[in-house]
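First comes the structure, then the notes that go with it.
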Amino acid sequence: MTDQAYNFAYLDEATKRMIRRALLKGLAIPGYQVPFASREMPMPYGWGTGGVQVTAACLTPEDTLKVIDQGADDTTNAVSIRKFFERTAQVQTSETTAEATVIQTRHRIPEVALTEGQILVYQVPIPEPLRFLEPRESETRRMHALEEYGLMHVKLYEDIARHGAIATSYAYPVKVEGRYVMDPSPIPKFDNPKLGGNAAIQLFGAGREQRIYALPPYTDVVSLDFEDHPFDPSKADHACDLCGSEVSYLDEVITDDKGSRIFVCSDTSYCTTRQDEGHTGRLSPEGEAA
Amino acid sequence: MYVATKGGERAIDAAHQWLADERRGDRSVPELSVAQIREQMALAVNRVMAEGSLYDPDLAALAIKQARGDLIEAVFLIRAYRTTLPRFGASVPVETDRMDIIRRISATFKDAPGGQILGPTFDYTHRLLDFKLMADGEAPEALRKEADAVVAPHILQLLDQDGLMEPLTDGDETPPDLTREPLEMPADRPLRLQALARGDEGFVLSMAYSTQRGYGRTHAFVGELRIGTCAVEMEIPELGFAVEIGEIELTECETVNQFTGSKSEPPQFTRGYGLVMGQSERKSISMSLVDRALRWEELGEDNVGAPAQDAEFVLYHCDNIQATGFLEHIKLPHYVDFQSELELIRKLRREAADAQVKEAAE
């Protein structure tokens, strides 16, 4: 079967319409998980099928698509998803955050602030923030309906009682517009402050779990915390060794078997742009030692 | 100078070339044709059709070839293909009592109208490796005779006439379609049966087995197991009547379950039902046991907390394509999450160490 045998962006128009309806409902009720009839995609569940379906439903031929995984454009799965849309939708792709109109991401929000008109699509493994407290879907849906979030606060409190801090470092739960508790997908909690008041549309797709949810632009999003234990969006206490940024989220890379390690931006587009602009870090060729 | 690993695209292309080469194996050995797989690996083909929810022996055989014999991978190929197919309608329900039978047995009655037909079965074979097959021994052709015209009504229906069997009720409602609507709980019986019919054979088997060993026991007997081909008919609006558009092979199992009555139901025999595409006895028997276990609520039985009674547990975990995807995704990069975990553990350790120092000082 040739690629021409598939519709634009792979999914047929009826399926896209079904997904768009779920997206609109999600945007109308920010943070609410909308069930949708997720399709089998030609990549496995758990590898971004939800995000791919949402992206397919949003793409138009004029769009420019960027795909990142762990912040990077060249991780294998990001490459594979980008190729999929190059093949089935022939859209333009870009690695530059500002150039993209649709950005599909796994586990990160780009460092550069997004703008109006951009869509950020998240791949979501487990959309239910209460899942690990209550395994039953029928029960968690009831809890959301009744705004019964005591269990989540008890969990966070127990963390503090036991460890002195909230022991959740990614997929850190948030409350949306004072109503729904939402899982922001497994982004590091460092990225949580970028969820709220964001100019872009944020869409979340969970393929295997058949759920879509959304944050319209400039939505109020608050990371759960306590007055005496305020939310702390921590990151590694270093600067990027390649571009010198002190405000970006860093990956730790082990460079030999003697415990040497370096820290580099997880957002590769951000890092290379800074390097091109002349910013230097500890390991830059002509850079001064930090 | 450190340079972040690049070249994911080249690595992927090379990996796929290698895979294609490995799939072919030693080129001095003749290549398998799709027709050979279809004819000689028929039960694997059947499993791929059943769990892939697509009745097409040629495509299932192709998927097995492409997947190097990994049946779950083959099911995945079929499912991904199936979602791209347009739907032009639904068939009328197949009449399994008018099936052209190749096998039909009952464990509850020694004989029944239509008789018992053993058919092509592994039952009663001695599981001894047949080394003749290794030495290219051609199988002798079986004796053939003209098939009798058999009228074989469903056996459980005969019990029904005495009022001993839980009655079946006809309904006009269109059953929900698992592949077009999200699975939502509570799931009614048609939806449960749909999920089980495409569920992983191993999972459904183990669930059924657990009920036999006491986790939600339902005392099942195979009332009837039948395999054969059924005509598939479709109403054509322009014609105003149904026409046959093809035939498919099906395996159907109905179990009889002892039932001593509950608050809402009198003592009677109850049913479990399994229907699977292709020849798939193990799966259809398993399916009917799990179906029966999941019916505890409508029959007013107690929930003893057995896994097989828990519809959410069974239905959300029986699909091997969902399961394998999510399981295997943990090999994808998780640098970012792991990094944040590293920060957290370091912070907690630092605080614990500080607290100890402070305690010692005091």
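Tell me the mean residue ellipticity at 222 nm calculated for the protein assembly as shown from its helices only (DSSP H runs of n ≥ 4, each -39500 (n - 2.57), averaged over every residue, nearest 500).
-10000 deg cm²/dmol
Just how far, in whole angstrom, is region B:288-362 from region B:70-102 if you go by their alpha carbon centroids?
33 Å
What do you get when you divide the Cα radius of gyration of region A:139-264 by 2.2 N^0.38 Å, with N the number of residues?
1.25
Report the label-to-label distance for A:Y6 and B:D70 in nanometres (one decimal), using points 7 Å from each Cα along the Cα→Cβ vector.
1.9 nm
From the P(r) of chain A, could you give the percentage of C-alpha pairs in the tail past 27 Å?
43 percent
Using a 10 Å cut-off on Cβ to Cβ distances, tally the other chain neighbours for every residue of B:178-185 and report the average as a whole number. Walk me through the intermediate numbers first.
Details: counts 1, 4, 5, 5, 10, 6, 5, 5.
Averaged over the peptide's residues, the number is 5.
In the neighborhood of B:V243, defined by Cβ-to-Cβ distances under 9 Å, what is the net charge if each Lys or Arg adds +1 and each Asp or Glu adds -1?
Result for the neighbourhood of B:V243: -3.
In vacuum, with every alpha carbon of the protein assembly as shown counted as one equal point scatterer, what does the Debye formula give for log10 I(q)/I(0) at q = 0.06 Å⁻¹? Two decimals, please.
Debye intensities relative to I(0), on a log10 scale: -0.43.
Give the average, rounded to an integer, of partner chain Cβ atoms located within 10 angstrom of each Cβ in A:253-263.
Rounded to a whole number, the mean comes out at 1.
How much net charge surrounds A:D232 when only other residues with a Cβ under 12 Å from its Cβ are counted (Lys, Arg +1; Asp, Glu -1)?
Value of the local net charge: +1.
Compute and list, largest first, the equivalent-ellipsoid semi-axes of chain B from the alpha carbon gyration tensor, each √(5λ) rounded to a whole angstrom.
44, 32, 22
Just B:A311, B:A60, B:A15 to compare: in a GNM of chain B, with alpha carbon springs under 10 Å, which one fluctuates most?
B:A15
Residues with amide H under 5 Å of B:G228's amide H, sequence separation 5 or more or different chain, H placed in the peptide plane at 1.01 Å from N; which?
B:I102, B:L250
Over what distance in Å are the Cα centres of region A:249-278 and region B:155-176 separated?
67 Å
Contact order normalised by length for chain A, with contacts defined as Cα pairs under 8 Å and 6 or more residues apart; what percent is it? Kindly include the intermediate steps, with their values, before the conclusion.
Working: 581 pairs, mean separation 58.6, N = 290.
Relative contact order for chain A comes out at 20 percent.
Enumerate the amide H contacts of A:C265 below 5 Å, restricted to partners 5 or more residues apart or on another chain; note that Pro and chain-start residues carry no placed amide H.
Excluding prolines and chain starts, which carry no amide H, the hits are A:D241, A:L242, A:C243, A:D251.
Looking at region B:58-161, which GluC sites (Glu not before Pro) are DSSP coil and have at most 12 other C-beta atoms within 10 Å of their C-beta?
Counting only loop positions with at most 12 other Cβ atoms within 10 Å, the GluC sites (Glu not before Pro) in region B:58-161 are B:E95, B:E138, B:E141, B:E146.
On the principal axes of its Cα set, how long, how wide and how thick is region A:235-290? Give whole Å, largest value first.
Computed over region A:235-290, the largest-to-smallest principal extents equal 33, 24, 17 Å.
Using only the alpha-carbon atoms of region A:1-86, report the extent along each of the three principal axes, biggest first, to the nearest angstrom.
34, 32, 27
For a quick check of your reading of the filter: which GluC sites (Glu not before Pro) in region A:232-290 sit in a DSSP loop and have no more than 16 other Cβ atoms within 10 Å?
A:E246, A:E277, A:E286, A:E288
Along the Cα-to-C-beta direction of B:D188, a point sits 7 Å from the Cα; which residues of region B:252-287 have their amide N less than 18 Å from that point?
Once the point is set 7 Å along Cα→Cβ of B:D188, B:273 turn out to lie under 18 Å by backbone N, inside region B:252-287.
Using mean Cβ contacts within 10 Å as the protection proxy, how do A:253-262, A:28-37, B:273-282 order, highest first?
Highest to lowest by the protection proxy: B:273-282, A:28-37, A:253-262.
Would you mind calculating the gained length between B:V232 and B:R144 on full extension (0.36 nm times residue separation, minus the Cα-Cα distance), in nm to one decimal?
Using 0.36 nm per residue and subtracting the Cα-Cα distance, I get 29.0 nm.
Given the protein assembly as shown, what percent of its DSSP beta bridges are antiparallel, to the nearest 5?
75 percent
What's the local net charge at A:S138, with K and R +1, D and E -1, over the other residues with C-beta under 12 Å away?
Working: positive: A:R136, A:R141, A:R142; negative: A:E128, A:E134, A:E137, A:E139, B:E184, B:D310, B:E312.
Here the charged neighbours net out to -4.
Hey, any idea what Rg/Rh is for region B:13-82, computing Rh the Kirkwood way over Cα pairs?
Working: Rg = 12.2 Å, Rh = 12.2 Å.
For region B:13-82, the value is 1.00.
For B:K132 and B:S206, FRET efficiency with R0 = 35 Å and r from the beta-carbon atoms, rounded to 0.05?
On the way: r = 34 Å, r/R0 = 0.97.
So the FRET efficiency works out to roughly 0.55.
Considering Cα pairs under 8 angstrom that are at least six residues apart, work out the relative contact order of chain B and quote it in whole percent.
16 percent
Please give the peptides B:167-178, A:57-68 ranked by average Cβ packing (other Cβ atoms within 10 Å per residue), highest first, as a rough proxy for protection.
With the highest mean Cβ count within 10 Å placed first, the list reads A:57-68, B:167-178.
Quick check: residue separation of B:A35 and B:L239 times 0.36 nm, minus the Cα distance between them. What number comes out in nm?
69.8 nm
How well do other chains shield peptide B:322-332, expressed as the mean number of their Cβ atoms within 10 Å of each residue Cβ?
Mean shielding count: 6.
Rule-based calculations on the coordinates, nothing more; no lab input. Computed from a prediction, not measured in an experiment: that's the story for all the values here. A quick note on method: Cβ atoms are made from the backbone with ideal geometry, for glycine too, and the neighbour counts reach across all protein chains shown.
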